[in-house]
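S.K.: Below is one structure. I have some questions about it.
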Amino acid sequence: MIYTLTLNPALDRAVSVEDIKFDDLNRIKTEVRYAGGKGIDVSRAIRELGGHSIALGFIGGFGGLELQGRLINEGIICDFIRIAEETRTNIIVNDEKSGRQMLLSAPGPVVRPQDVAEIYNKISLLRPPPSFLVMSGSLPRNITPNIYAQLIKVVNDQRGKAVLDADGEPLRLGIEAQPYMIKPNIHELGRLVGRKVGDIKDVVRIGRELNARGIEIVLVSMGPKGLVLISKDISLHCISPNVKVVSRIGAGDSLVAGFVFSLVQGKSLRDAAIFATAAGTAATLSPGTELCHKEDVLRLLKKVKVKTL
């Protein structure tokens, strides 16, 4: 079973205005609300691709109930822990005239120590046991940055495969616990090593150093340049098809979903990387916080170019 973990989920509210005017009234033309958060988006994308997962994490207040209800309506199994404070709301403003987006992201609730203990115990006793647990995104307030590292050890003890998609200190500390896979983007990789990452050879060099530290797969997303996969057995550069980008929100989560979904189906690392590239690219064709659509992924598959590194 695939599980996803979102410790700081959000109710995403995407609005469109004709032309943003500061210090003046802006009338909203359209509004859409989504259950958001990186792990939740992975679950949503897996569902769209025809797979199943169980979404874990914290929810609170009326916003949390709406978030859970929206996921249930999408056919996603939820096993959240309720907390005292309200689930955060993110606001995405689309300016139709310029084609630009503004993302207003709230910091999230304060999590109590007993909430942390409850999610730890839940992951320790997952039934059925995890084949994959995807841990993604930022942390709510009052939670230690080494939480992912602790949970990775729990997953490893269950002989599951932990996938970590995080940034900064949670990523650095998480690596010490040896997750099966990490998925930084090129900027997050640079922050991890403390310098600007150069060309693809530099990405591969860093990836192989991380392989030597016990991480089996390093998957680096590079925006329109596609992705680079580095493992002990194979290193690839998958080049994205050239498409007209509508929104890049959720592309990385669709990429992770496509990769894990492929592995669960028994696909090779090469085929999983190709499928992940198509899924990430497909997400850029969707507006707002929509994710990849299966028909777009299948259409783009044959257009992904692969180079062995």
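S.K.: Which residues, taken from the range 1-33, are more than 30 Å from PHE80 (Cβ to Cβ) and in contact with a strand residue (DSSP E or B) (Cβ under 8 Å, 6 or more places away or on another chain)?
M.R.: VAL17, GLU18, ASP19, ILE20, ASN26, ARG27, LYS29
S.K.: For the range 141-163, check the following and say yes or no: at least one residue is among the basic types (Lys, Arg), farther than 25 Å from ARG44 by Cβ, surrounded by fewer than 19 Cβ atoms within 10 Å (Cβ to Cβ) and touching a helix residue (DSSP H, G or I) at 6+ places or on another chain (Cβ under 9 Å).
M.R.: no
S.K.: Can I ask one more? Sort out which residues of the range 32-74 are surrounded by fewer than 17 Cβ atoms within 10 Å (Cβ to Cβ) and either outside the structural domain of TYR120 (by TED's automatic domain parsing) or assigned to a helix (DSSP H, G or I) (or both), and write them in order of number.
M.R.: Of everything in the range 32-74, those that are surrounded by fewer than 17 Cβ atoms within 10 Å (Cβ to Cβ) and either outside the structural domain of TYR120 (by TED's automatic domain parsing) or assigned to a helix (DSSP H, G or I) (or both) turn out to be PHE62, LEU65, GLU66, GLY69, ILE72, ASN73.
S.K.: Which of the residues that make up the range 3-28 are surrounded by fewer than 24 Cβ atoms within 10 Å (Cβ to Cβ) and either without any contact (Cβ under 8 Å) to a residue 24 or more places away in the chain or farther than 23 Å from ALA106 by Cα (or both)?
M.R.: Of everything in the range 3-28, those that are surrounded by fewer than 24 Cβ atoms within 10 Å (Cβ to Cβ) and either without any contact (Cβ under 8 Å) to a residue 24 or more places away in the chain or farther than 23 Å from ALA106 by Cα (or both) turn out to be GLU18, ASP19, LYS21, PHE22, ASP23, ASP24, LEU25, ASN26, ARG27, ILE28.
S.K.: Restricting to the range 110-159, count the residues that are hydroxyl-bearing (Ser, Thr, Tyr) and in a strand (DSSP E or B).
M.R.: So the first thing to find is which residues in the range 110-159 are hydroxyl-bearing (Ser, Thr, Tyr), and the list is 120, 124, 131, 136, 138, 144, 148.
If we keep only those that are in a strand (DSSP E or B) too, we end up with 136.
Going through the range 110-159 one residue at a time, the tally reaches 1.
S.K.: Can you tell me how many residues within the range 81-102 are within 19 Å of THR6 (Cα to Cα), part of a strand (DSSP E or B) and in contact (Cβ under 8 Å) with a residue 60 or more places away in the chain? Working first, answer last.
M.R.: As a first pass, look at the range 81-102 and keep what is within 19 Å of THR6 (Cα to Cα): 81-91.
Imposing the further condition that a residue be part of a strand (DSSP E or B) reduces the set to 81-82, 88-91.
Retained after the next criterion (residues that are in contact (Cβ under 8 Å) with a residue 60 or more places away in the chain): 88-91.
Residues meeting the conditions: 4.
S.K.: Turning to a different aspect of this structure: So which residues in the range 1-31 are in contact with a Gly (Cβ under 6 Å, 6 or more places away or on another chain), in a strand (DSSP E or B) and not acidic (Asp, Glu), if there are any at all? Show your work before the answer.
M.R.: Keep residues of the range 1-31 that are in contact with a Gly (Cβ under 6 Å, 6 or more places away or on another chain), which gives 4-12, 14.
With the extra rule that they be in a strand (DSSP E or B), the set shrinks to 4-6, 10-12, 14.
Selection gives THR4, LEU5, THR6, ALA10, LEU11, ALA14.
The values are calculated or read from the model by the stated rules, or taken from the named source; none is laboratory data. All of these numbers come straight from a predicted model, not from anything done at the bench. Cβ sites come from the backbone with ideal geometry, for glycine too, and all protein chains shown count toward neighbours.
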